[in-house]
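Participant: Structure below; questions to follow.
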Amino acid sequence: LYPRPVGKRIYERAKSLGKRIVLISDMYLPLAFLEELLAKNGFADHERLYLSTHVGKQKHTGELFAHVLEDLRVEPDRMLHVGDNDHGDIAKAREHGIETLHLTRADVRFATTTAYRRVWESDEPRQNYHWKSVLSTVAKRLADEPDHEDSGSLFGGDPWVLGYYGFGPLLLGFA
């Protein structure tokens, strides 16, 4: 588990503006472990952490959003939910009148780039879980920022990207 840089920037901005910060998660790990992990990664300044396994309601069904709104006694139009899941974070929050900010997952964004389509798309039927994990790691490094632009070339003229995206997976395949 690691913090997404864009998520950290949004968190820090909310803090600097004096906003109430409440975390809502469908994570399956224990509450104490997540609190420790959040603190270790610089996310300790939140009012509450609503964890589906702890509360007994899920974002995926929308019940956790209803619970949070009621528990905090806040109107939906006073809340912004930031998340990466189309259904659980975006659709269900919006069903409850909550404004959303969709941080598309890096692997989803990466799958739309020239670098992915030209090299890996035709090979998708043969990609196993392990190889998809490698591509996901590459995606997190190359396409995790919302303003990431597709240069139209495989490596964008960047030797670092050539090494990371081109030679890295190739050498891993030989290992």
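The values are calculated or read from the model by the stated rules, or taken from the named source; none is laboratory data. In this text the structure is predicted, and so the values were computed from the model without any measurement. Neighbour counts are summed over all protein chains in view; Cβ atoms, including those assigned to glycine, are modelled from backbone coordinates with ideal geometry. In case anyone asks, the SASA skips ligands and DNA or RNA and just uses the protein heavy atoms, side chains included. Shrake-Rupley method; radii C 1.70, N 1.55, O 1.52, S 1.80 Å.
Residues checked against (1) touching a strand residue (DSSP E or B) at 6+ places or on another chain (Cβ under 7 Å); (2) on the phi > 0 side of the Ramachandran plot:
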position	(1), (2)
Ile10	yes, no
Gly18	no, yes
Leu29	no, no
Glu36	no, no
Lys40	no, no
Thr53	no, no
Gln58	no, no
Phe65	no, no
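Participant: Now for a different question. Enumerate the pairs (first residue in segment 164-175 and of a type in the set (Lys, Arg) and exposed (fewer than 10 other Cβ atoms within 10 Å of the Cβ); second residue anywhere and part of a helix (DSSP H, G or I) and at pLDDT 75 or above) with beta-carbon separation below 6 Å, excluding pairs fewer than 6 apart on the same chain, so at least 6 apart or on different chains.
Facilitator: none
Participant: Just checking, does segment 78-97 include any residue being in contact with a His (Cβ under 6 Å, 6 or more places away or on another chain) and either open to solvent by 80 Å² or more (accessible area, probe 1.4 Å) or over 25 Å from Lys140 (Cβ atoms) (or both)?
Facilitator: Keep residues of segment 78-97 that are in contact with a His (Cβ under 6 Å, 6 or more places away or on another chain), which gives 88, 90, 93.
Of the ones still in play, those that are also either open to solvent by 80 Å² or more (accessible area, probe 1.4 Å) or over 25 Å from Lys140 (Cβ atoms) (or both) are none.
Within segment 78-97, none of the residues are in contact with a His (Cβ under 6 Å, 6 or more places away or on another chain) and either open to solvent by 80 Å² or more (accessible area, probe 1.4 Å) or over 25 Å from Lys140 (Cβ atoms) (or both).
Participant: Okay, next question. Select from segment 93-113 the residues that are assigned to a loop (DSSP other than H, G, I, E, B) and closer than 21 Å to Tyr2 by Cβ and list them in ascending order. Give the derivation first.
Facilitator: We begin by selecting, within segment 93-113, every residue assigned to a loop (DSSP other than H, G, I, E, B); these are 96-98, 103-105, 111-113.
Selection gives Leu103, Thr104, Arg105, Ala111.
Participant: Of these, Val74, Val119, which one is at negative phi and modelled with pLDDT under 75? Give the steps one after another, and end with the answer.
Facilitator: Values: Val74 fails: modelled with pLDDT under 75.
Result: Val119 is the single residue among Val74, Val119 that is at negative phi and modelled with pLDDT under 75.
Participant: Here is a check on your reading of the model: is His60 under 18 Å from the mean Cα position of the chain (by Cα) and either surrounded by 14 or more Cβ atoms within 10 Å (Cβ to Cβ) or farther than 30 Å from Ser133 by Cα (or both)? Show your work before the answer.
Facilitator: Values: under 18 Å from the mean Cα position of the chain (by Cα): yes; either surrounded by 14 or more Cβ atoms within 10 Å (Cβ to Cβ) or farther than 30 Å from Ser133 by Cα (or both): yes.
Against the criterion (under 18 Å from the mean Cα position of the chain (by Cα) and either surrounded by 14 or more Cβ atoms within 10 Å (Cβ to Cβ) or farther than 30 Å from Ser133 by Cα (or both)), His60 qualifies.
Participant: Out of the residues in segment 16-53 that are assigned to a helix (DSSP H, G or I) and within 23 Å of Ala91 (Cβ to Cβ), which is most open to solvent (accessible area, probe 1.4 Å)? Working first, answer last.
Facilitator: Pass one, segment 16-53, residues assigned to a helix (DSSP H, G or I): 16, 31-40, 52-53.
Now restrict to residues that are within 23 Å of Ala91 (Cβ to Cβ): 52-53.
Working: Ser52: 11, Thr53: 88 Å².
Ranking the qualifying residues of segment 16-53, first place goes to Thr53.
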